[in-house]
Amino acid sequence: MFVSGTVGWRPDGSIAADIKEQCHQMYKNVQQVLHAAGSSLGHVVTTTTYLVNASDYRALNEVRAQYFTTDAPASAVVVVKELVRPDLLVEIEAVAEIPTRGARAPSGGRRSVRQVKPKRR
């Protein structure tokens with residue numbers, strides 16, 4: 001599943017001024033989207049994060065480590081001039097697997113997902 005354009009909007013539509021608060025809310029928002037689709041952060045395989053200030057990279061990684069505690073996904077961080085609103089400091093897109101029923105992300109190893117056979121042409 002693809003989760004794109006997720007920022008640190010709070011449920012009331014406001015945006016924190018602090019980068020760490022925006023990062024926390026951004027990851028919470030991703031969690032909600034994944035949960036609604038039957039997945040979780042434990043099934044994320046890659047992320048691309050857009051960061052307005054390169055100096056916020058350390059803060060981003062500190063917060064990220066709280067959400068991906070084991071078996072973190074592949075990730076890239078791209079520094080951009082600005083996002084869609086001037087008060088937004090960070091945005092993420094993620095690709096996650098949707099596990100088969102009863103499958104959970106194993107601790108310390110690759111995640112279990114259903115195998116998809118390629119279509120013959």
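Okay, here's what the table says:
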| read-out | value |
| --- | --- |
| Ascending count of other beta-carbon atoms within 10 Å, so fewest first, for 56, 12, 18 | 12, 18, 56 |
| Order of 85, 10 under a 10 Å beta carbon neighbour criterion, fewest first | 85, 10 |
| Residue 57-residue 33 pseudo-label distance in nm [points 7 Å out on the Cα-to-Cβ vector] | 2.4 nm |
| Within segment 5-30, backbone nitrogen closer than 12 Å to the virtual label 7 Å beyond the Cα of residue 85 toward Cβ | 7-17 |
| Table column - 3J(HN,Hα) (Hz), segment 56-73, Karplus curve with 6.51, -1.76, 1.60, x for Gly and Pro | 8, 4, 4, 4, 4, 5, 4, 5, 4, 5, 6, 9, 10, 7, 9, 6, 4, x |
| Label point distance in nm, residue 75-residue 48, each placed 7 Å from Cα along Cα→Cβ | 1.6 nm |
| Label point 7 Å beyond Cα of residue 17 along Cβ direction - residues of segment 72-97 with amide nitrogen under 19 Å | 83, 85-90 |
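Quick note: the coordinates plus some simple rules give every number you see, no bench work behind them. It should be emphasised that the depicted structure is a prediction, and the values quoted were computed from it without experimental measurement. Cβ sites come from the backbone with ideal geometry, for glycine too, and all protein chains shown count toward neighbours.
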